[in-house]
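Notes follow the structure.
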Amino acid sequence: MFTAQELSRYSRHLTLSEFGLEGQRRLKNARVLLVGAGGLGSPVGLYLAAAGVGTIGIVDADVVEDSNLQRQVLFTTADIGQPKANQAAVHLQQLNPHITVHSHHTPLNRHNAMTLIANYDLVVDGSDNFPTRYLVNDACVLLDKPYVYGSIYQFEGQASVFHHADGPCYRCLFPEPPTPGQMPSCSEAGVLGVLPAMIATIQTTETIKLITGIGQTLSGRLLQYHALDMRFDELTLSRDPLCPICGDQPVMTELIDYEAFCGIQPTVPLISATELATLLENTPDIQLIDVREPYEREICQIRNSRLIPLDKLVDHYDELVGNRMIVCICKSGSRSATATRQLQAAGCAQVYSLEGGILAWMQQVDPTLTHY
């Protein structure tokens, strides 16, 4: 079952009496789907591959960017611009040629989640948004798969195991998502580069325990980590008998529209970077409103734009409402979409969000700007 090379590679596992050959055999036969190959997914993937998990799937629709390399340790500078899922598979296969790695360069959504997850024994979530977390949770419950959860924010992180051993699911802990914009993404709020490694190591440990059957998992517990004062807290969780998907009388039998569930509004009017550049040559009267934070603007900015941070926008409605065309700008397009909706509601007739944000402007119009 194991080659001489494998026995040598995994020898430190084999000498653990609680683990041994049987534990390693279970790892080799296991199939784990990793949702996201970013800050959490990178170290999880590395350690699962090193441990000898036989089949690893990676689903991620993004490409590697320079700003990823501060924490996404699976990638190198040479990977910039390449699909994360594909490059992750290459590196993990190089790390351990005795395993199989499948790359799924596609967004995980309600149309493909059931098919993808059905092919694996459990899911490790390395996503960074609420729609995906609810999607993964619901698919895992419907397919009866454990869900290894982790999340990070600035200097703090948390981890747990959902839908395992009659324990709670993600909806039991978070019945309702936060309102849109309440929790900014890592690109907006920042994250300590080493923080994902701590949470990812916990997730990987839980995954190995689930596969091998050793130890006690985090099912029914939420582990919270505070990096600045190096402190761990633990909360006890219980399954909610009224939970709509894992409760005693579940009412959810299929996946839903998770963007709508999380309150993400329909698409706002967008303008591409190239379209805006062309318009600015002929229509200099366009108002460019930069809704990022001041520290971001110090790094890079679009010429002739005006800084009004998103949380201050309401104070400027009166002066912005009019017939002039307005284009809202942020880093990647999320905050500018929120600003566009707000200005539309305030009465602005021609307001657009810069599609892809200033990152798209760098790629399509002005590559001399500093990437962050």
Descending accessible area (1.4 Å probe), largest on the left, turns His102, His226, His111 into His111, His102, His226
Relative to the chain, whose Cα atoms define the longest principal axis, helix 334-346 and its Cα axis are tilted in degrees, nearest 10, by 40 degrees
Here the averaged projected area of the stretch 90-231, based on the convex hull of its alpha-carbon atoms and given in nm², is 9.8 nm²
Under a 1.4 Å probe, counting only protein heavy atoms, Lys331 has an accessible area in Å², nearest 10, of 20 Å²
Summing -39500 (n - 2.57) over every DSSP H run of at least 4 residues in the chain and dividing by its residue count gives a helix-only mean residue ellipticity at 222 nm, to the nearest 500 deg cm²/dmol, of -10000 deg cm²/dmol
Reduced to Cα centres, the span from the stretch 1-33 to the stretch 95-135 in Å works out to 24 Å
Rounded to a whole %, the carbon-and-sulfur portion of the accessible area of the chain at a 1.4 Å probe is 51 percent
Given a Förster distance of 41 Å, the FRET efficiency implied by the Cβ-Cβ spacing of Ser238 and Asp366, rounded to the nearest 0.05, works out to 0.15
Taking every DSSP bridge whose two residues both lie in the stretch 106-199, the antiparallel percent to the nearest 5 is 70 percent
Using alpha-carbon positions, the gyration tensor of the stretch 43-149 gives root eigenvalues a ≥ b ≥ c; with a/c under 1.5 called rounded, otherwise prolate if a/b exceeds b/c, else oblate, the class is oblate
With every protein chain kept in place and a 1.4 Å probe, the chain has an accessible area per residue in Å² of 46 Å²
Taking Cα atoms, the helix 41-51 axis meets the longest principal axis of the chain at an angle in degrees (rounded to 10) of 20 degrees
Among trypsin sites (Lys or Arg not before Pro) in the stretch 259-304, those in a DSSP loop whose Cβ has at most 14 other Cβ atoms within 10 Å are Arg303
Checked the stretch 147-261 against the a/c 1.5 cut and the a/b vs b/c comparison, axes a ≥ b ≥ c from its Cα gyration tensor; verdict oblate
Between the alpha carbon centres of the stretch 140-163 and the stretch 44-65 the gap in Å comes to 16 Å
Length-normalised contact order of the stretch 33-181, Cα under 8 Å, at least 6 apart, in percent, tallies to 22 percent
Asn112 and Ala165 label points (each 7 Å along its Cα→Cβ direction) are spaced in nm at 3.4 nm
Computed on Cα atoms only, the convex hull of the chain has an orientation-averaged projected area in nm² of 20.3 nm²
Among chymotrypsin sites (Phe, Trp or Tyr not before Pro) in the stretch 145-248, those in a DSSP loop whose Cβ has at most 16 other Cβ atoms within 10 Å are Phe155
Packing-ranked peptide list from 341-352, 308-319, highest mean Cβ count within 10 angstrom first, is 341-352, 308-319
Once His105, His13 are ranked on solvent-accessible area with the largest value leading and a 1.4 Å probe, the list reads His105, His13
Using alpha carbon centers only, the stretch 307-325 is separated from the stretch 273-287 by a whole-angstrom value of 19 Å
Here the percent of antiparallel bridges among DSSP beta bridges lying wholly in the chain, to the nearest 5, is 40 percent
With a ≥ b ≥ c from the Cα gyration tensor eigenvalues, square-rooted, and the rule rounded for a/c under 1.5, otherwise prolate when a/b > b/c and oblate otherwise, the stretch 274-352 is oblate
Note: His316 to Ile299 extended length (0.36 nm per residue) minus current alpha-carbon separation gives 3.7 nm
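The values are calculated or read from the model by the stated rules, or taken from the named source; none is laboratory data. These numbers come from a predicted model, not from an experiment. Cβ sites come from the backbone with ideal geometry, for glycine too, and all protein chains shown count toward neighbours. Each accessible area value is taken on the protein alone, full model and side chains, heavy atoms only, with ligands, DNA and RNA left out. Shrake-Rupley method; radii C 1.70, N 1.55, O 1.52, S 1.80 Å.
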